[in-house]
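What follows draws every value from the coordinates through simple rules; no lab data is involved. Keep in mind that this is a model prediction, so the values were computed, not measured. Cβ sites come from the backbone with ideal geometry, for glycine too, and all protein chains shown count toward neighbours.
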Amino acid sequence: MTLAATALLATALAAPLELRPSEAKPGDALLLVLPSSPDGPEPSATLAGRKVRFWRTGAGWRAVAGLPVEAAVGPLGVSG
């Protein structure tokens, strides 16, 4: 599954976003890395319709999200 939604989520969060791995398939876990000021408010986002919770790190924010096993192959729906 190509994660074309990366740019959409990054735009919604108003910051550069890195997804690890950059490609995934249904059922895989993703690490979302948001290198922004950790002093700002917690980012909010959804991935494939599910809320993503971020935690602070020294370099910004991180989140772990799982792709639903029932997700169709292709771009994901995201919002922030």
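Things to note:
- Radius 13 Å from Cβ of A63, net charge of other residues (Lys, Arg +1; Asp, Glu -1): +4
- Each Lys or Arg adds one and each Asp or Glu takes one away; over the other residues whose Cβ falls under 13 Å from the Cβ of A48, this sums to +1.
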